[in-house]
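Worksheet for the structure shown next.
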Amino acid sequence: MLGAAGLAAATTFRHGGHDLLLLAVGGAALLPLLLGLAVRWSPGLTLGVGLLGAQQALRLALGPDELDTWAPASAGVLLFVAELAWWSIEPRIPAWAETALAPLRLARVLAISAAGAVLAAVVLVVASSGLSGGVGLELVGVLAAIAALAVVAWVARTHVR
Amino acid sequence: MTRAATTKLGAYAALAGVGLIAALVLGRPEPAALAAPFALLLVVGLSLAERPKVSALFELDAERQVEGEPVQALLELRAENTVTQLELLLDLPRGLATEAPNPRLLRLYAGERPELEYPIRCERWGAYLVGDFFLRTQDRFGLLVYEQKLELPRPLKVYPRGEEVERLLRPLETQSFAGSQTPRVRGEGIEFADLRPFVPGDRVRRVNWRATARRGEPWVNETHPERNTDVVIFLDTFAEARDLAGGTLDLAVEAAGSLAAHYIQEKDRVGLVAFGVVLNWLNVSSGIVQLYRVLDSLLDTEIFLSYAWKDIDVLPVRTLPPRALVLALSPLLDDRSVRALIDLRARGFDLAVVEISPVPFVERGTGELDDLAYRLWRLRREALRASYLRLGVPVVEWQRGMPLQAALEEVRTFRRHARVVRV
């Protein structure tokens, strides 16, 4: 929750305009996240993390056209928040036979978040490299989006728990 | 093994998809950058996910144990590939419990063979199969869940913990086999009975020289022979009253086990009749093997609901030998068993009834009508006991927490003054 609140606050106060609107969206993101954590409700977490991402998108839509250099860090933090949130709602095991599991897993979460931030930076670097957008590149983007939705459909078809 | 996607997988895919679409709609790379870590985790997680290959060996250090005592169980896991997070649950049947952490969370490395100990506490008598394990593993990133059930059944018999009985109830008549009981008749034996004058045919070794010297003529010792007795434990399994802590059947089984052990210890022959919807019987016999037969039969005792009438005629003749003491353990809740006991008495069997009182298991209602019903029920039970007593059948009430010896002594007191009457 602290990470999510920090990300929402940073997004709001970094922009310098439309603070109230961004604050409202950030606050709206924290509510379902809190609810999801309290009642172990996965859709609440999805909505919360999604709204945090929407806050970022809103800031971009309302802000200047220049490239946001903080986007990779935001992406890493967003993934870190999401990972911790889903970890929090996992079924509790009364006895941890191996206490070393928790630090190992935390290290893994940190590593994947950092890798995610690096990948986001690569995406931005590629986007700002001066490569002119075209039908081919746009087709790749559409295919990636379709692939992501296909994964969603596959998940929905299988038994989800 | 079953595989299922977690909600996290769906959520991440949705977030990645929305981010990519937002990048296309807004025409800016930042939403794609935000979506990229989620997509990365999906790609890495799904490509690295592999089915866990876990097998196990399971052993118990004993196949038989007494109620309340522990049994050590050992589980050896074998992992062919690394399992980062394994949730392991030992599914114990009701009546058994473990003090070890259950479920537990483990990390298994490929080729590793960890041994896990489960001290199992036998809380209730019964015949069990122990060894059902549920395994749940996740991939490294929590996107997929694998579930597996390992069935490694090992039999475990938990015998009821009987209580010490100092003096057993004796049948009115003994049998003709050698045993530890002294009958009223006189014959070859070592138990002194009386003195009498010598008659031709008496063996010289039986001459009592002191008495002979005192009286001036030969006198011989008379002795009682040592005989065994037959005891049939009659267990009523038609109905029971129970609460969370136990029931009348539990008490009856514990008493039956205890009585059987003590009778067999005294070289008597013991038989068992579990009279209920499911009929179970053992012909009378003696020895340690018979004791285990009786105990094993007791473990199978269960209450089944049925309204079908059943009387004593369904019992094979040999299960109720003549001159045997039939010791009935019954809550006297079902008309069929009540009727069967009266039948036994009418056929001349030496019968004693230990009534496993259902009263402590019945809650007295709060309303006036409930109270009236309760009192009527108690009155009917007293009337039933009186009818048994009129037939010369001793009926004693035995409750949880009361020594079994006290009930047996009460029967003995009744039988001291009562005599068998053929009806």
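FYI, it's all coordinate maths here, none of it is from the lab. A quick note: this is a predicted structure, and the numbers were derived from the prediction, not measured. So basically every Cβ, Gly included, is an ideal-geometry build from the backbone, and we count neighbours across all protein chains shown.
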From the phi of every residue in the stretch B:193-209, what ³J(HN,Hα) in whole Hz does the Karplus formula 6.51 cos²θ - 1.76 cosθ + 1.60 yield, where θ is phi - 60° and glycine or proline is x? 10, 6, 10, 8, x, 5, 10, x, x, 5, 7, 5, 5, 9, 5, 8, 5
What is the distance in Å between the Cα centroid of the stretch B:61-90 and that of the stretch B:123-181? 16 Å
Sorted from fewest to most neighbouring beta carbons within 10 Å, what does the list B:Leu376, B:Leu15 look like? B:Leu376, B:Leu15
By a straight-distance test (C-alpha under 26 Å), which lysines pair with B:Lys267 as possible cross-link partners, with residues fewer than eight away in the same chain excluded? B:Lys157
Integer Hz, Karplus 6.51/-1.76/1.60 couplings in order for the stretch B:345-360, x for Gly and Pro: 4, 5, 8, x, 6, 6, 10, 9, 10, 9, 7, 7, 5, x, 4, x
Hey, got the dipole for the protein assembly as shown? About the Cα centre, +1 on K and R Cβ, -1 on D and E Cβ, debye to the nearest 20? 1700 debye
One finds the C-alpha centres of the stretch A:61-76 and the stretch B:196-232 to be spaced, in Å, by 117 Å
DSSP bridge orientation in the stretch B:230-417 - percent antiparallel, rounded to nearest 5: 20 percent
Could you calculate the FRET efficiency of A:Ala114 with B:Glu117 from 1/(1 + (r/R0)^6), where r is the beta carbon distance between them and R0 is 35 Å, rounded to 0.05? 0.30
Within the stretch B:152-176, name every residue whose backbone N is under 17 Å away from a label modeled 7 Å from Cα of B:Asp296 along the Cβ vector. B:154-160
Among B:Pro218, B:Pro70, B:Pro101: highest mean-square fluctuation, GNM of chain B, C-alpha pairs under 10 Å: B:Pro218
With +1 on the Cβ of every Lys and Arg and -1 on the Cβ of every Asp and Glu, the dipole magnitude of the stretch B:230-417 about its Cα centre, in debye rounded to the nearest 20, is 700 debye
Among A:Thr69, B:Thr82, rank each residue by its count of other Cβ atoms within 10 Å, from fewest to most, as a rough exposure measure. A:Thr69, B:Thr82
Under a plain spin-label model, where a point goes 7 Å from the Cα along Cα-to-Cβ, how far apart in nm are B:Ile288 and B:Arg203? 3.1 nm
Where a Cα-Cα gap under 19 Å defines reach, which aspartates and glutamates qualify for B:Lys310, not counting those fewer than 8 residues away within the same chain? B:Asp236, B:Glu240, B:Glu302, B:Asp334, B:Asp335, B:Asp343
Averaged over B:23-29, number of beta-carbon atoms from partner chains that fall within 10 Å: 6
At R0 = 41 Å the Cβ-Cβ FRET efficiency linking B:Arg380 and B:Ala62, nearest 0.05, sits at 0.35
Averaged over peptide B:101-107, how many Cβ atoms belonging to another chain are found within 10 Å of each residue's Cβ? 6
With a cut-off of 8 Å between alpha carbons and a minimum separation of six or more residues, what is the relative contact order of chain B in percent? 12 percent
J(HN,Hα) series, the stretch B:131-138, from Karplus relation 6.51 cos²θ - 1.76 cosθ + 1.60, nearest Hz, glycine and proline x: x, 8, 10, 10, 10, 10, 10, 10
Given charges at Cβ of Lys, Arg, Asp, Glu: chain B dipole, positive-most of B:Ala33, B:Val362, B:Pro93: B:Val362
Relative contact order %, the stretch B:1-99, counting alpha carbon pairs below 8 Å whose residues are six or more apart: 19 percent
How well do other chains shield peptide B:139-147, expressed as the mean number of their Cβ atoms within 10 Å of each residue Cβ? 2
Per residue, how big is the convex hull around the C-alpha atoms of chain B? Give it to me in cubic angstrom, could you? 234 Å³
Using R₀ = 35 Å, calculate the FRET efficiency as 1/(1 + (r/R₀)^6) where r is the Cβ-Cβ separation of B:Lys149 and B:Asp243; round to 0.05. 0.60
GNM on chain B, C-alpha springs below 10 Å: top fluctuator among B:Asn208, B:Asn81, B:Asn280? B:Asn208
Which residue, chosen from B:Gly45, B:Gly179, B:Leu404, occupies the Cα position most advanced towards the positive end of the dipole of chain B, where the dipole is computed from +1 (Lys, Arg) and -1 (Asp, Glu) charges on Cβ about the Cα centre? B:Gly179
Check: the stretch B:222-323 dipole with +1 on Lys, Arg Cβ and -1 on Asp, Glu Cβ, in debye: 300 debye
Low-density loop cleavage sites - trypsin sites (Lys or Arg not before Pro) in the stretch B:1-109, where at most 10 other Cβ are within 10 Å (DSSP): B:Arg94
Roughly how tilted is helix B:30-48, in degrees to the nearest 10 and between 0 and 90, from the longest Cα axis of chain B? 40 degrees
Output the 0 to 90 degree angle, nearest 10, between the alpha-carbon long axis of helix B:404-417 and the longest principal axis computed from the alpha carbons of chain B. 20 degrees
For each of B:Tyr307, B:Tyr12, count neighbouring Cβ atoms within 10 Å of the residue's Cβ, then give the residues from fewest to most. B:Tyr307, B:Tyr12
So who's got an amide H within less than 5 Å of the one on B:Glu123, skipping anything under 5 residues away but keeping other chains? H placed 1.01 Å off N, in plane. B:Gly68, B:Leu96, B:Ala97
Could you pull out every residue, at least 5 positions away or on a different chain, whose amide H is within less than 5 Å of the one on B:Ala193? Hs are placed 1.01 Å off N in the peptide plane, and Pro or chain starts have none. B:Glu222, B:Thr223, B:His224
